[in-house]
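Notes follow the structure.
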Amino acid sequence: MPPTPTPSLATPHLSWLQTLRVYLEPASLRMLTLGFSAGLPLLLVLGTLSFRLREAGIDRSTIGYLSWVGLAYGFKWAWAPLVDRLPLPLLTRVLGRRRSWLLLSQCLVVAGLAGMALADPRQALGPVVACALVVAFASATQDIALDAFRIESADTTRQAALAAAYQTGYRLAMIWAGAGVLWIAARAEAPALAGATAATVGGAAYQNGAWQTAYLVMAASMAVGMVTVLFSREPRPMELPPARNAAEWLRGALLEPFADFVRRYRWQAALILALIAVYRISDVVMGIMANPFYVDMGYTKDEVAAVTKVYGVVMTLVGAFVGGSLSMRFGVMRILMLGALLSACTNLLFAWLAGHGHDVTALIAVVSADNLASGIASAAFVAYLSSLTNVSYSATQYALFSSMMLLLPKFVAGFSGDYVNAFGYAQFFVSTALLGLPVLVLVWLASRAKSASSA
């Protein structure tokens, strides 16, 4: 017996003009700016932070383990039911359930980033890690509320477009939090310091004051999302069944969202969850060591910033647009397969770059290909996850899916520094590409299972 119908992944009959117009609708434009707010904190507690720490002389193994701060994103399902159901005093009355949680989490992100700005990793890692945990927890909470806001803002025929707009904003923020922060830090540096006052790794002199300026600018950049929240309309709230007592409320908030998913997909639930758990593993594991790799290869802040800001932005936008458009035209499952294949293959380009040496032109080609593949894969994957949710439990169920997407990859990525120390960058990048092979098999199996259930 097939599972209860859910939002369809079938290809809608839209003309190319109709497809393009979707991106200019107010809901899509809101997702663009809110996606920026969601994407900004991620690199500041992971990728960009790893560049900062490596430049400060922190060992690669330590940097790898510190990436486990990102596991906060992998456990957000644990408090997603509270974000889904619990009203906030005063704020919810004024802004509504989704917007109140969005604004609160954004304020916490700003506070955490300011704390990271004022801390100096050379003096003590503890304050940096503590503030990074605040940012990661608040950012994960923002993701929970925003995913529900997005899913409830439009019908299923618009979800792929909203996902693409969200991913575009998200990737723009990642460029700003990756390339932009490096550019700002480079501009804020004082003239070369004496060797006694600057840590040097890969030829780069570390100046904490420059990083303080850069992180404070990032904190201020969260205003983009905060203003959007204040001027957006709350989606029409879902009617929740009344709870007669606390036990019934907890059952409805904590257990029912997960039970609903299993009831709808039955044996396919295990296959779907396995696919979600490993789909982005190649990108996530590789990404932790990308910035230490740039530092060790002798690339300057300006070189990395210029490449990722100019070529990276263009290819990311193209990838997100192509991924969303192709998903609407040809179906999400086909583009999931394409995205998984491209993501694994582009990691091999980094292995080539490791043996090629310091070459900005080669870096441009590799980063551009990687961002294009990532944009395609992300747009299709977000649309796929959105299609799996029951709108009655949108925040909790989507948080479960997006948490599982990061949990295993983030855990494995914690050992990436040890692997690089033992085997070198080239073998590390090849290994991350091989991690993508099981993903291709799972996408194929999920496609067959979906076809069989809908037959």
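The values are calculated or read from the model by the stated rules, or taken from the named source; none is laboratory data. Note that the coordinates shown come from a computational prediction; the quantities given were computed from them, not determined experimentally. Counting neighbours? That spans all protein chains shown, and the Cβs are built from the backbone with ideal geometry, glycine included.
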Are any residues in the stretch 96-138 touching an Asp or Glu at 6+ places or on another chain (Cβ under 9 Å) and over 30 Å from MET31 (Cβ atoms), and if so, which ones?
-> PRO127, VAL128
If only one of LEU53, LEU42, LEU29, LEU82 is in a helix (DSSP H, G or I) and within 18 Å of the chain's Cα centre (by Cα), which one is it?
-> LEU42
Among the residues of the stretch 369-392, which ones are among the hydrophobic types (A, V, I, L, M, F, W, C), at pLDDT below 85 and over 12 Å from the mean Cα position of the chain (by Cα)?
-> ALA383, LEU385, LEU388, VAL391
Close pairs (6 angstrom Cβ cut-off, 6 or more residues apart or separate chains): closer than 26 Å to ILE281 by Cβ and modelled with pLDDT of 85 or more in the stretch 70-93, of a type outside the set (Asp, Glu) and assigned to a loop (DSSP other than H, G, I, E, B) anywhere = GLY70/LEU46
Conditions (1) modelled with pLDDT of 90 or more; (2) farther than 23 Å from VAL307 by Cα -> VAL181 fails only (2)
Would the stretch 138-155 turn up any residue that is within 23 Å of the chain's Cα centre (by Cα), within 30 Å of GLU303 (Cβ to Cβ) and in a helix (DSSP H, G or I)?
-> yes
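Is it fair to say ALA351 is of a type in the set (A, V, I, L, M, F, W, C) and either at pLDDT below 90 or surrounded by fewer than 18 Cβ atoms within 10 Å (Cβ to Cβ) (or both)?
Details: of a type in the set (A, V, I, L, M, F, W, C): yes; either at pLDDT below 90 or surrounded by fewer than 18 Cβ atoms within 10 Å (Cβ to Cβ) (or both): no.
Considered against the rule, which asks whether it is of a type in the set (A, V, I, L, M, F, W, C) and either at pLDDT below 90 or surrounded by fewer than 18 Cβ atoms within 10 Å (Cβ to Cβ) (or both), ALA351 comes out as no.
Taking the options ALA379, ALA373, name whichever one is farther than 20 Å from ILE288 by Cα and buried (at least 16 other Cβ atoms within 10 Å of the Cβ). Let's see the steps before the verdict.
Details: ALA373 fails: farther than 20 Å from ILE288 by Cα.
From the options ALA379, ALA373, the qualifying one is ALA379.
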Assess whether ASP84 counts as being surrounded by fewer than 24 Cβ atoms within 10 Å (Cβ to Cβ) and acidic (Asp, Glu).
-> no
THR396 meets each of (1) under 17 Å from SER282 (Cβ atoms); (2) in contact with an Asp or Glu (Cβ under 6 Å, 6 or more places away or on another chain) with one exception, condition (1)
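Given the criterion over 23 Å from the mean Cα position of the chain (by Cα) and of a type outside the set (Ser, Thr, Tyr), identify the matching residue among LEU90, LEU102, LEU172. So that I can check it myself, show each step before the final result.
On the way: LEU102 fails: over 23 Å from the mean Cα position of the chain (by Cα); LEU172 fails: over 23 Å from the mean Cα position of the chain (by Cα).
That would be LEU90, the only listed residue that is over 23 Å from the mean Cα position of the chain (by Cα) and of a type outside the set (Ser, Thr, Tyr).
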Residues in the stretch 275-294: is at least one surrounded by fewer than 18 Cβ atoms within 10 Å (Cβ to Cβ) and either under 30 Å from TYR419 (Cβ atoms) or modelled with pLDDT of 85 or more (or both)?
-> no
Taking the stretch 295-312 and keeping residues crowded, with 18+ Cβ neighbours inside 10 Å and either under 27 Å from SER403 (Cβ atoms) or among the β-branched types (Val, Ile, Thr) (or both) leaves VAL295, VAL304, VAL307, THR308, GLY312
Within the stretch 413-448, can you find the residues that are closer than 30 Å to SER387 by Cβ, surrounded by fewer than 16 Cβ atoms within 10 Å (Cβ to Cβ) and of a type in the set (A, V, I, L, M)?
-> LEU434, LEU437, LEU440, VAL441, LEU445
Qualifying positions in the stretch 57-69 - at pLDDT 90 or above and not in a helix (DSSP H, G or I) = ILE58, ASP59
Among residues belonging to the stretch 94-108 that are surrounded by 16 or more Cβ atoms within 10 Å (Cβ to Cβ) and of a type in the set (A, V, I, L, M, F, W, C), point out the one that is modelled with the lowest pLDDT.
-> LEU95
Selection from the stretch 235-253 of residues that are under 27 Å from the mean Cα position of the chain (by Cα) and either buried (at least 17 other Cβ atoms within 10 Å of the Cβ) or modelled with pLDDT of 85 or more (or both) | PRO235, ALA253
Near pairs, Cβ below 6 angstrom, 6+ apart or cross-chain, from the stretch 29-55 (modelled with pLDDT of 90 or more) to any residue that is among the aromatic types (Phe, Trp, Tyr) and part of a helix (DSSP H, G or I) = GLY35/TYR166; GLY35/TYR170; ALA38/TYR170; GLY39/TYR170; ARG52/TRP211
